[in-house]
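Structure, as structure tokens:
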Amino acid sequence: MLEMIIFIVGIAIFSGSSFMFLILKNRNQRMATINTIVSFVTVASYMLMFDGSGTLMVPSGELVYWTRWIFYAGSCSLLMLEISTLMGKDKWMTVEIIASNIIVMLTGALASITEAASKWMFFVFSSIAFGYILYRLREGKTDKFLVTFTTIFWSMFPVAWILSPAGFGILNAAWTALGYLVLDVITKIYFGYHTTMHYQVE
Amino acid sequence: MLEMIIFIVGIAIFSGSSFMFLILKNRNQRMATINTIVSFVTVASYMLMFDGSGTLMVPSGELVYWTRWIFYAGSCSLLMLEISTLMGKDKWMTVEIIASNIIVMLTGALASITEAASKWMFFVFSSIAFGYILYRLREGKTDKFLVTFTTIFWSMFPVAWILSPAGFGILNAAWTALGYLVLDVITKIYFGYHTTMHYQVE
Amino acid sequence: MLEMIIFIVGIAIFSGSSFMFLILKNRNQRMATINTIVSFVTVASYMLMFDGSGTLMVPSGELVYWTRWIFYAGSCSLLMLEISTLMGKDKWMTVEIIASNIIVMLTGALASITEAASKWMFFVFSSIAFGYILYRLREGKTDKFLVTFTTIFWSMFPVAWILSPAGFGILNAAWTALGYLVLDVITKIYFGYHTTMHYQVE
């Protein structure tokens, strides 16, 4: 299965970025710390996909790697903590945003493993929760780059999902894996590098 | 299966209450926020029960919808955060109460999926943790309405459980679903509405 | 199966220690509170192992009780909160240490249920995260006893794992259960008693 190679590449890239963010702690203690953990969790996620344990076969014969969304519940909650902190959101809104993110990811996992009506019910539900996060990020204390970046690139995940074997199955498992890998690199490594170099929180 | 209708009603009611609490944010930012998320998590819980994926058939032929308790670990932890905050409990006691609540719900899920001696061992254990929460809520800074309400209505969940197919099976799955729905409406919508309208935290 | 007796002993010991720490609250509110919850979670963990639901049979015919690591993600995160608090680590480092601990335990669970290359990949990954925690505990504000204790006794868990049916299978399930029980008593009861009696946080 071709996606195995992509998962190995993912393990290699995020192992490297874990190490990179660890070194960048000298420059920006807090942002680099969060980004190290985000990369590290992503390595574990790719390891499990490589192992192939948590998968589901759909009628087309393609595999759905639904565990990805469980790991995102962890890693993307940390990114949301990062984004909230950088925007200076208060403690209550941060809790709200992180709780919403966990809902997005876990109902995303449920959409991936259920079928027919249930699948799309969970997908719509997950999308509403995601839309709500984007709405909240725009309110009050905010930051143009962070909002724009999150809106554009995080929104590509549900698009990839719709095209993937978990959705309409237009892309096969290998292309799906490649698409998510590119998005992971953009939203976790490029984004993390940018925040580590250009933002400071005390 | 009759309980499907009840689950659809649950999805409708809690979708409505999610929306209601969202609007009530104008009146009471923090309480309405928590109650929005609580209702939203409850929608997801009813969606999964409607899908019927996470169920277990007991010898009587009835289904046990044990995933309910996993979602309660999330939604009721938020209610505990709400109650703790309203009572002015300190950070440490809040952590203790939320951790105890997670134990109550996860061992409740384990009691639902295990059998014989194990089932009742987990049930007793879960009940002890629940009793401990009620005891802690009464100590120090407290609030008569919140304590009385929690003691009476939250205690009806283990009573419903004992009567349900997960317990002695006196009620079938449909009546159980109806019982829990009524309790969910009381403890999540009525309670949330009351706290949103009558309490303020700054 | 001989390990059943060990699990019953575990339930008894940690029920006793839950009660002991509850009483010690008079002396040291915060440390005793955390240690009560840690013991209580450990009782639930032994109950599930006694029930035998979450197990995996390896080719040698021995059972791997992998759920242990899921419970450690909870109980040991609370111990890490305790250790971080006692050392006076700041909020950010505490989050980092707890997140790393969750990664250690969940990848430890994955190492227990996967095979061959995957198993050792997860084991190495989990060990790196654990090594990173030990490194962070030594930095900045620290405490000689806490660091030495954690380094020595927590490191014996991966050693036991290597020897267990989940690893090379040198020990059978009963000896493994006994080894972990001794380590649990040392790291959760002895350690908790020591911190409760000798440390104060305000």
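Every read-out reported here was derived from the displayed coordinates using simple, explicitly stated rules and does not represent laboratory data. Being a predicted model, the structure only gives us computed values, none of them experimental. Positions of Cβ are backbone-derived with ideal geometry, glycine not excepted, and every protein chain shown enters the neighbour counts.
If I model a spin label at B:L134 and C:T94 as a point 7 Å from the Cα along the Cα→Cβ vector, what separation in nanometres do I get?
3.1
Rounded to two decimals, what is the ratio between the C-alpha radius of gyration of the stretch A:77-187 and 2.2 N^0.38 Å? Write down the numbers at each step before the final one.
Values: Rg = 14.6 Å, N = 111, 2.2 N^0.38 = 13.2 Å.
In units of the 2.2 N^0.38 Å rule of thumb, it is 1.11.
Can you work out the Karplus-derived ³J(HN,Hα) for every residue in the stretch A:142-157? Use 6.51 cos²θ - 1.76 cosθ + 1.60 with θ = phi - 60°, whole Hz, and x for glycine or proline.
8, 7, 4, 4, 4, 5, 4, 4, 4, 4, 6, 7, 5, 5, 6, 5
Convex hull volume of the Cα atoms in the stretch A:133-202, per residue, in Å³?
Hull volume normalised by residue count: 91 Å³.
Can you work out the Karplus-derived ³J(HN,Hα) for every residue in the stretch C:97-112? Use 6.51 cos²θ - 1.76 cosθ + 1.60 with θ = phi - 60°, whole Hz, and x for glycine or proline.
5, 5, 4, 5, 4, 4, 4, 3, 6, 6, 6, x, 5, 5, 4, 6
Would you work out which of A:V58, A:L86, A:T42 lies farthest towards the positive end of the dipole of chain A, given +1 charges on the beta-carbon of Lys and Arg and -1 on that of Asp and Glu, about the Cα centre?
A:L86
Where the centre of each part is set by its Cα atoms, how far does the stretch C:34-107 sit from the stretch C:164-199, in angstrom?
If we compute the Cα centre of each part, the gap is 12 Å.
³J(HN,Hα) across the stretch A:168-176 via Karplus (A = 6.51, B = -1.76, C = 1.60, θ = phi - 60°), whole Hz, x for Gly/Pro?
For the stretch A:168-176, the Karplus-derived couplings read 7, x, 6, 9, 7, 4, 5, 5, 4 Hz, x marking Gly and Pro.
Can you list, shortest first and in nm, the gaps between the label point of C:S155 and those of its counterparts in the other copies, using a point 7 Å from Cα in the C-beta direction?
For C:S155, the other copies' label points sit at 5.2, 5.2 nm, shortest first.
If you take each beta carbon of peptide C:40-52 and count the beta carbons of other chains within 10 angstrom, what is the mean?
Working: counts 8, 6, 0, 6, 9, 0, 0, 9, 7, 0, 3, 10, 2.
Across C:40-52, the average partner-chain Cβ count within 10 Å equals 5.
Among C:62-73, A:8-19, A:33-44, what's the highest-first ranking by average C-beta atoms within 10 angstrom per residue?
A:33-44, C:62-73, A:8-19
From zero up to wherever the largest Cα-Cα distance of the protein assembly as shown sits, split into 20 Å bins and tell me the percent of pairs in each.
For the protein assembly as shown, the binned pair fractions read 19, 57, 24, 0 percent.
Taking each pair of different alpha-carbon atoms in the stretch B:1-66 once, compute 1/r for the pair, average those values, and report the inverse of that mean as the Kirkwood hydrodynamic radius in Å to one decimal. Could you put the intermediate results ahead of the total?
Values: mean 1/r = 0.0771 Å⁻¹.
Answer for the stretch B:1-66: a Kirkwood hydrodynamic radius of 13.0 Å.
So, with +1 on the Cβ of K and R and -1 on the Cβ of D and E, and no other charges, what is the size of the charge dipole of the protein assembly as shown about its Cα centre, to the nearest 20 debye? Working shown, then result.
Details: 36 positive and 33 negative charges, 302 e Å.
Here the protein assembly as shown has a charge dipole of around 1440 debye.
To one decimal place, what Kirkwood hydrodynamic radius in Å is obtained for chain B from all pairs of distinct Cα atoms?
Details: mean 1/r = 0.0583 Å⁻¹.
By the Kirkwood definition, the hydrodynamic radius is 17.2 Å.
Which stretch or stretches of the stretch A:72-94 have amide N atoms under 18 Å from the point lying 7 Å from B:Q29's Cα along the Cα→Cβ direction?
Of the residues in the stretch A:72-94, A:84-94 have backbone N under 18 Å from the label point off B:Q29.
Could you tell me which residue in chain B puts its beta carbon nearest the axis mapping B onto C, with the distance rounded to whole Å?
B:K91, 6
Averaged across C:91-98, how many Cβ atoms of other chains sit within 10 Å of each residue's Cβ atom?
Mean number of neighbouring Cβ atoms from other chains: 3.
Calculate the dipole size of the stretch B:2-198 relative to its Cα centre from +1 charges on Lys and Arg beta carbons and -1 charges on Asp and Glu beta carbons; express the result in debye to the nearest 20. Intermediate values should be presented prior to the final figure.
Values: 12 positive and 10 negative charges, 128 e Å.
That gives the stretch B:2-198 a dipole magnitude of about 620 debye.
Find every distance from the label point of C:A12 to the corresponding label point in the other copies (7 Å from Cα along Cα→Cβ) and write them in nm, one decimal, shortest first.
Going from nearest to farthest copy, the values are 5.6, 5.6 nm.
List the distances, in nm and shortest first, from the label point of B:W92 to the matching label points in every other copy, placing each point 7 Å from Cα along the Cα-to-Cβ direction.
Those separations, rounded to one decimal, come out as 2.6, 2.6 nm.
Report relative contact order for chain B in percent, whole number only (criteria: Cα-Cα under 8 Å, sequence separation at least 6). Walk me through the numbers before you get to the answer.
Numbers: 249 pairs, mean separation 49.3, N = 202.
Result for chain B is 24 percent.
Do you know the Lys pair count in chain A for C-alpha distances under 29 Å, with sequence separation 8 or more or different chains?
Pairs that pass both the separation and distance tests number 14.
When ranked by the protection proxy of mean other Cβ atoms within 10 Å per residue, highest first, what sequence do the peptides A:145-155, C:188-198 form?
On the way: A:145-155: 15.2, C:188-198: 18.7.
Descending packing order for the listed peptides: C:188-198, A:145-155.
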